[in-house]
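So the structure is just underneath, and the comments pick up after that.
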Amino acid sequence: MILNRHFALTVLFATSLPLPLSLAEDKQEDGKPRAGHSHQGEAFNEGPRHSALPIEGTGKISFPVQCTWPEGQQFFDQGIGQLHGFWYYEAERTFRQIASHDPKCAMAYWGMAMANWENEKRARAFIKKAGQLKERASEHNRRYIDAQANYLDGEPKDVKKRKQELIDDLESIIQDYPDDIEARAFLCVRLWQFGRSGLPIHSHQAVDAMLQDVFAINPMHPAHHYRIHLWDNKKARVALDSAAKCGHTAPGIAHIWHMPGHIYSKLRRWDDSAFAQEASARIDHKYMITRRVLPDQIHNYAHNNEWLCRNWMNLGRAHDALGMARSLVANPRHPRLNTLNTGWRSTKYGRIRIFEVLKRFELWDETLRLADTPYLEPTTRREEQLKRLRLLGHAHFGKGSLSGVQSVDQEMADLLATASADKKNAEKEAREKAEREKKNEEDTRKMITEAGKKPDEWVNSVKKARQAMSCFVALLGNNPEEAKKHLGAVQGDKYTLARLHLRAGDQKKALSLSEEAVKSGEKRVLPLLARIEILHAINRKDEAREAFDLLKPLSAHLDPQAPPIARVMKIAEEFSLGNWQASPVVRDDVGERPVLDTLGPVAWTPPAAHEFALPNEKGETISRKDYQGRPLVLIFYLGYGCLHCVEQLEEFAHKAELFEKAGFEVLAISTDSEGDLRKAKEKWEKEGGSFPFPLVADPAMHVFREWSAYDDFEKEPLHGTFVISPGGQVLWHDISSEPFMDCEFVVKEGKRLLQLHGRDL
């Protein structure tokens, strides 16, 4: 039987009822931190809590600091390189490693503050610690600490003043220490960052000149990253030299490889941009799999990969682009890091790009095949659901299925009925409120109108989507005049709409749209494909041949399996163009490039689970291999006296049926000894209860360490929750100062990942 709340809390752990986690203090009554929490303060509960390693390729850096740890200088220079590469997660790990060996190294805490540039709350905690220790630092180092402290401690509302003071402080360091190129590098990146948020750069050339001072001393300094940002939206061509060098300045940092893609994309050199972004993706994936870091814990990760997807679309690499979009959707989700509603992360970007690739390349078979998979699954978000239905309707139209389009239209009709009812209810509630408040007729009318605005927008969106289906129905029924009435409701790129206008018999509109698409989509494959098709269809074959001349320089990577490309290749055969496609060319201004396959995998894959064999309360050995062939939820909890562990185990116990129905086994690993587990079990049995899943003992915490459920810096265990595939791959994890409580999320996400990555993993 599943333990009830009272039994679990009073018998299992012989402790008092814990407060809800949202209300719980960071410290216990005795003043000690709660289990899993840092002894150094709340800021240290977040971020990486596992040891840093020397990493090759983080840049040629020299930034002297005072540190008693013999390897401290090496790690500090590594951390500075990681900061220059915006690899903030790993930079914080590097600086924490220094502080774990030399807790009084002030600059280690300054480094942690710098690694939290985008999280001022945590940064303030770290710089405060640095300030408390700064007397042990050199005068030169203290200037850095003071500059960052002044910036973070300034009046929050006076942002412009704070920014200017930081610039002034960095300039002062440069004036007093003219050989300090790191101060110049940091000043340049702050000028660029502040230039984007209210403190404009008055002279890009002046900032560039300062960067050239850096390169005069260190030609391969990672500040080439900053030079690319400086000129990216100004005059990209100026930074071509930095684009060629950037990746080599810190080849172990993924973002450093990503950056040249900015310049090459601005110059419409899609192949060069794609190379940069693929290199970045592969380095990131190798690191994540090796270090067991979730993808969206890394700055810029999702953006790099969705941009790679876009560039592959520009090149006509349809299935490569689809593969990357699918991989983004297949990445693990996490409530704090990556959901459909969470910023621009893997899930959101991946879903957007999947829709784009499928529609633009007319991959209708793939669309319908993915419709009931996690890649295109129905969603409770109405806007996303309508977008999905539009795509499915277009796919059925592309396949010539009238019944398919009509079935989608019926689903839209159901949405419309709900939307109309919601509008009526909103207006009714507004009217009733006006009556209660005794509003006059005019004010009542205004309240009703205002209440109906948002619902009415949604009603119109659904109506417009249904009009698009009416267009498809008319075209399939060879009724072009009826189709033209609704064509304006079809969503799509100009070249997609151009093809529809041609099918509806409007050659003039088709030509106009295709021409506009080519002009606005300069050096992109898809508009040219549509242009060739349309010119060929209306028998303007000489112009179609001329369009091939524009397509040829972009044709090296065309995917012949994509329908628009396959159709154009047939036209090329008709024109007897022979071997008309271009060959891939590596330009002479891109520098030496690594072999991509040597950098890592192109997509994230689940890492292998570590093996273990641990005793239960009876001394019987339970191992990971005992669960081979079955999905497993593995919990690491912090033993007999951990109050918030009580809540987690209690929650999982109450949800035992949920896990059972989903086919998941549950196993919990404790820091308790075998004897303590036995005492707990004896108490449960006296009360006639039994715990719904096994508990095993790891008092030496060997398994905790191996699975990274352990703070290497403070030598304390951490809470961990893992989802393991039947084949022994870690599909998902949460390691934190707090236990993961959302059982429904674990089950839902575990089932999703099993479906995406294969139940036999």
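Just so it is clear, none of the values below were taken in a lab; they were calculated from the coordinates. Small disclaimer: the values here were computed from a predicted structure and weren't measured. Ideal geometry is used to build each Cβ from the backbone, glycine not excepted, and the neighbour counts take in all protein chains shown.
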Quick one: what Rg and Dmax do you get for the range 362-491 from the alpha carbons, in Å? 18.5, 59
Order these peptides, 703-710, 597-604, by their mean beta-carbon neighbour count within 10 angstrom, highest first. 703-710, 597-604
Highest-first arrangement of 386-396, 459-469, 560-570, 586-596, where packing means the average Cβ count within 10 Å: 386-396, 459-469, 560-570, 586-596
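When the helix-only estimate is applied to the chain (DSSP H runs of n ≥ 4, each -39,500 (n - 2.57), divided by the residue count), what is the mean residue ellipticity at 222 nm, nearest 500 deg cm²/dmol?
Numbers: 31 runs with 423 residues, N = 761.
One gets -18000 deg cm²/dmol as the mean residue ellipticity at 222 nm.
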Over the range 633-761, what is the relative contact order in percent, taking alpha-carbon pairs closer than 8 angstrom and at least six residues apart? 29
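Based on other C-beta atoms within 10 Å, arrange Asp672, Asp456, Asp176 from fewest to most.
Lowest to highest Cβ neighbour count: Asp176, Asp456, Asp672.
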Between Glu42 and Lys523, what is the FRET efficiency for a Förster distance of 56 Å, r being their Cβ-Cβ separation, to the nearest 0.05? 0.65
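Contour minus end-to-end for Lys60 and His204, with contour as 0.36 nm per residue of separation and end-to-end as the Cα-Cα distance?
Numbers: separation 144, 0.36 × 144 = 51.84 nm, distance 2.52 nm.
Computed gain between Lys60 and His204 is 49.3 nm.
What relative contact order, as a whole-number percentage, does the range 362-491 give when Cα pairs under 8 Å and 6 or more residues apart are counted?
On the way: 127 pairs, mean separation 30.3, N = 130.
Relative CO of the range 362-491 lands at 23 percent.
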Rounded to the nearest 20 Debye, what is the dipole magnitude of the range 544-668 about its Cα centre when Lys and Arg each give +1 and Asp and Glu each give -1 at the C-beta? 340
In the range 428-502, with Lys and Arg counted as +1 and Asp and Glu as -1 at Cβ, which of these residues, Gly488, Ile448, Val459, has the Cα nearest the positive end of the dipole, that is, farthest along it? Gly488
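Any idea what % of Cα-Cα pairs in the range 447-502 are farther than 19 Å?
Details: 594 of 1540 pairs.
That fraction is 39 percent.
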Placing +1 on the Cβ of each Lys and Arg and -1 on the Cβ of each Asp and Glu in the chain, which of Leu643, Leu497, Trp69 has its Cα farthest towards the positive end of the resulting dipole? Leu497
Listed pairs Lys359/Lys484; Lys423/Lys509; Lys453/Lys748 exceeding 28 Å between Cα atoms: Lys423/Lys509; Lys453/Lys748
Report the Cα centroid-to-centroid distance between the range 401-477 and the range 342-397 in angstrom, as an integer. 23
Among 651-659, 713-721, how do they line up from the highest to the lowest mean number of other beta-carbon atoms within 10 Å? 713-721, 651-659
What is the spin-label model distance, in nm, from Arg445 to Lys748 if the labels are put 7 Å beyond Cα along the C-beta direction? 4.5
Chain lengthening between Glu515 and Gln175 when straightened (0.36 nm per residue, less Cα-Cα): 116.8 nm
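Nothing charged except the Cβ atoms of Lys and Arg (+1) and of Asp and Glu (-1): what's the magnitude of the dipole of the chain about its Cα centre? Round to the nearest 20 debye. Don't jump to the answer; show the numbers that get you there.
Working: 107 positive and 109 negative charges, 489 e Å.
In total the dipole reaches around 2340 debye.
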Projected onto the charge dipole of the range 249-386 (unit charges on the beta-carbon of Lys, Arg, Asp and Glu, signs +1, +1, -1, -1), the Cα from Ser346, Val329, His299 with the largest positive-side position is that of His299
Over what distance in Å are the Cα centres of the range 718-761 and the range 512-551 separated? 48
Potential extension, Gln467-Ala556 segment - 0.36 nm per residue separation minus Cα distance: 28.1 nm
Taking the Cβ of each residue in Trp364, Trp312 as the centre, tally the other Cβ atoms inside 10 Å and list the residues starting with the fewest. Trp364, Trp312
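Any idea what the dipole of the range 362-491 comes to, in debye rounded to 20, about its Cα centre with Lys/Arg Cβ at +1 and Asp/Glu Cβ at -1?
On the way: 24 positive and 24 negative charges, 63 e Å.
For this selection, approximately 300 debye.
Looking at this model, which pairs from Lys464/Lys485; Lys464/Lys494; Lys399/Lys751 are more than 20 angstrom apart at the alpha-carbon?
Details: Lys464/Lys485 12 Å; Lys464/Lys494 18 Å; Lys399/Lys751 31 Å.
In this structure, Lys399/Lys751 lie more than 20 Å apart at Cα.
For the chain, what is the percent of antiparallel DSSP beta bridges, rounded to the nearest 5? The partial results should precede the final answer.
Details: 19 of 28 bridges.
Taking every DSSP beta bridge with both residues in the chain, the antiparallel ones total about 70 percent.
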Could you check the spin-label model distance between Glu660 and Gln491? Points 7 Å from the Cα along Cα→Cβ, value in nm. 4.4
Residue-wise, which Karplus ³J(HN,Hα) couplings in Hz belong to the range 543-555, taking 6.51 cos²θ - 1.76 cosθ + 1.60, θ = phi - 60°, and x for glycine or proline? 5, 4, 4, 5, 5, 4, 5, 6, 6, 3, x, 9, 9
Rounded to the nearest Å, what's the spacing between the alpha carbon centres of the range 488-504 and the range 53-131? Just the number, please. 54
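Can you give me the convex hull volume of the Cα atoms of the chain, divided per residue and expressed in Å³? Walk me through the intermediate numbers first.
Numbers: hull volume 164.7 nm³, N = 761.
It comes to 216 Å³ per residue, whole-number rounded.
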Charge tally for neighbours of Arg142 with beta carbon under 9 Å away, counting Lys, Arg as +1 and Asp, Glu as -1, is -1
